[in-house]
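Participant: Mind looking over this structure? Questions follow.
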Amino acid sequence: MTNLLVQIGTQNGEPISIALTLTASILGIAVGYIAFRGYWRNRSLPMLFVATGFFFTFWTPVVLLAGFVLAGELSQFGPGIRVTVNAAFGIAGKVSEIIGLVFILYGLRMPLSRD
């Protein structure tokens, strides 16, 4: 049974991973948009940080996904370029997620200003 799972994971894992990334990104963008609308309605600075955090966390993987496609085109110019570009995009994606989560945490912990 585990051999079957390993075969499925290595042969069909990339399309499933892309679909899951796109689904999470679309849902994250929807939540970020709703948070941004909340900011516009109330002019609440913490809500702006939360909205920005959701965009950093969930929109960047979509942008980086386009980079993976581009990496396939660049690999014809050098054998190590694809591995290097994939590693760089992986690191950039994780850094963006961390920045986004810090924004969300800061927005949730930020004290409300009393006008």
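The values are calculated or read from the model by the stated rules, or taken from the named source; none is laboratory data. Predicted model, so just to flag it, every value in this text is computed and none were measured. All Cβ positions, glycine included, derive from the backbone under ideal geometry; neighbour counts span all protein chains shown. The protein model used for the area step is the full one, side chains on, heavy atoms only, and it has no ligands, DNA or RNA in it. Shrake-Rupley method; radii C 1.70, N 1.55, O 1.52, S 1.80 Å.
Participant: Select from the range 85-101 the residues that are open to solvent by 90 Å² or more (accessible area, probe 1.4 Å) and among the β-branched types (Val, Ile, Thr) and write down the one among them that is modelled with the highest pLDDT.
Facilitator: Per the criteria, the residue is 98.
Participant: Answer with yes or no whether residue 25 is touching a residue at least 60 places away in the same chain (Cβ under 8 Å), hydroxyl-bearing (Ser, Thr, Tyr) and surrounded by 14 or more Cβ atoms within 10 Å (Cβ to Cβ).
Facilitator: Judged against the criteria, residue 25 is not a match.
Participant: When the residues of the range 32-52 are narrowed to those that are over 20 Å from residue 20 (Cα atoms) and under 14 Å from the mean Cα position of the chain (by Cα), which ends up most open to solvent (accessible area, probe 1.4 Å)?
Facilitator: Restricting to residues being over 20 Å from residue 20 (Cα atoms) and under 14 Å from the mean Cα position of the chain (by Cα), the top hit is 52.
Participant: Report yes if some residue within the range 31-46 is of a type in the set (Ser, Thr, Tyr), part of a helix (DSSP H, G or I) and under 14 Å from residue 103 (Cα atoms); otherwise report no.
Facilitator: The answer is no, given that none of the residues of the range 31-46 is of a type in the set (Ser, Thr, Tyr), part of a helix (DSSP H, G or I) and under 14 Å from residue 103 (Cα atoms).
Participant: What pairs can you find where one residue is in the range 55-78 and assigned to a helix (DSSP H, G or I) and among the hydroxyl-bearing types (Ser, Thr, Tyr), the other is loosely packed, with under 15 Cβ neighbours inside 10 Å and modelled with pLDDT of 70 or more, and their Cβ atoms are less than 7 Å apart, with a gap of 6+ or different chains?
Facilitator: Here the result reads 57/101, each pair linking the range 55-78 to a residue that is loosely packed, with under 15 Cβ neighbours inside 10 Å and modelled with pLDDT of 70 or more.
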